[in-house]
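Since the structure comes first, as structure tokens, the remarks are kept for the end.
We did not get these values from a lab; they are worked out from the coordinates using the rules stated. Predicted model only: the values in this text are computed from it and were never measured. Heads up, the Cβs are rebuilt from the backbone with ideal geometry, glycines too, and the neighbour counts pull from every protein chain shown.
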């Protein structure tokens with residue numbers, strides 16, 4: 001394993017755990033720690049971005065260029081994740097299995113379509 005991959009794995013794991021813990025703290029009313037959860041989640045997101053920058057620097061990759069195409073792909077990915085989450089909410093929270101499954105499958109298809117959209121089909 002390369003040093004850059006190991007560092008990215010460790011930092012990525014720490015940032016993901018902080019983000020997940022923060023979201024649990026914020027969204028579970030039994031824990032009664034909404035404000036602290038938002039802080040933990042924000043720290044996790046910032047650490048995730050720092051991890052990306054550190055990994056790209058260690059791999060000698062060019063900085064990420066922000067253009068309309070990358071913004072559009074990012075918005076599409078976020079929408080796909082939200083649609084998948086909405087389908088899960090329909091199934092688990094609102095107990096509407098059929099509609100939730102259909103919406104969840106649409107979200108999965110959206111996320112899977114990101115691969116051919118970004119990489120292309122050869």
(request) Considering only residues that are under 22 Å from residue 69 (Cβ atoms) and out of contact with any helix residue (DSSP H, G or I) (no Cβ under 9 Å at 6 or more places or on another chain), look in segment 87-122 and name the one that is surrounded by the fewest Cβ atoms within 10 Å (Cβ to Cβ). (result) 122
(request) Kindly indicate whether any position in segment 60-75 is touching a helix residue (DSSP H, G or I) at 6+ places or on another chain (Cβ under 8 Å), surrounded by 15 or more Cβ atoms within 10 Å (Cβ to Cβ) and in a helix (DSSP H, G or I). (result) no
(message) Looking at segment 12-54 only, could you name the residues that are out of contact with any helix residue (DSSP H, G or I) (no Cβ under 7 Å at 6 or more places or on another chain), at negative phi and part of a loop (DSSP other than H, G, I, E, B)?
(response) 28, 29, 30
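When you scan segment 23-33, how many residues do you find that are touching a residue at least 12 places away in the same chain (Cβ under 8 Å) and more than 14 Å from the chain's Cα centre (by Cα)?
Filtering segment 23-33 for residues touching a residue at least 12 places away in the same chain (Cβ under 8 Å) gives 23-26.
Pick out the ones that are also more than 14 Å from the chain's Cα centre (by Cα) and you get 24-26.
Summing the residues that are touching a residue at least 12 places away in the same chain (Cβ under 8 Å) and more than 14 Å from the chain's Cα centre (by Cα) in segment 23-33 gives 3.
Which residues, counting only those in segment 41-72, are within 17 Å of the chain's Cα centre (by Cα) and over 30 Å from residue 1 (Cα atoms)? Can you show your working first?
Going residue by residue through segment 41-72, those that are within 17 Å of the chain's Cα centre (by Cα) are 41-53, 70-72.
Scanning segment 41-72 gives 71, 72.
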(request) Check residue 84 against each of (1) under 21 Å from the mean Cα position of the chain (by Cα); (2) loosely packed, with under 13 Cβ neighbours inside 10 Å and name the one condition it does not meet. (result) (2)
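What number of residues in segment 34-56 are within 21 Å of residue 93 (Cβ to Cβ) and either without any contact (Cβ under 8 Å) to a residue 12 or more places away in the chain or exposed (fewer than 13 other Cβ atoms within 10 Å of the Cβ) (or both)? It would help to see each step written out before you state the result.
In the first step, residues of segment 34-56 are kept if they are within 21 Å of residue 93 (Cβ to Cβ); the result is 34, 37, 41.
Keeping just the survivors that are either without any contact (Cβ under 8 Å) to a residue 12 or more places away in the chain or exposed (fewer than 13 other Cβ atoms within 10 Å of the Cβ) (or both) gives 34.
Counting residues in segment 34-56 that are within 21 Å of residue 93 (Cβ to Cβ) and either without any contact (Cβ under 8 Å) to a residue 12 or more places away in the chain or exposed (fewer than 13 other Cβ atoms within 10 Å of the Cβ) (or both) gives 1.
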(message) without any contact (Cβ under 8 Å) to a residue 24 or more places away in the chain, exposed (fewer than 15 other Cβ atoms within 10 Å of the Cβ) and not in a helix (DSSP H, G or I): is that true of residue 9 in this structure?
(response) no
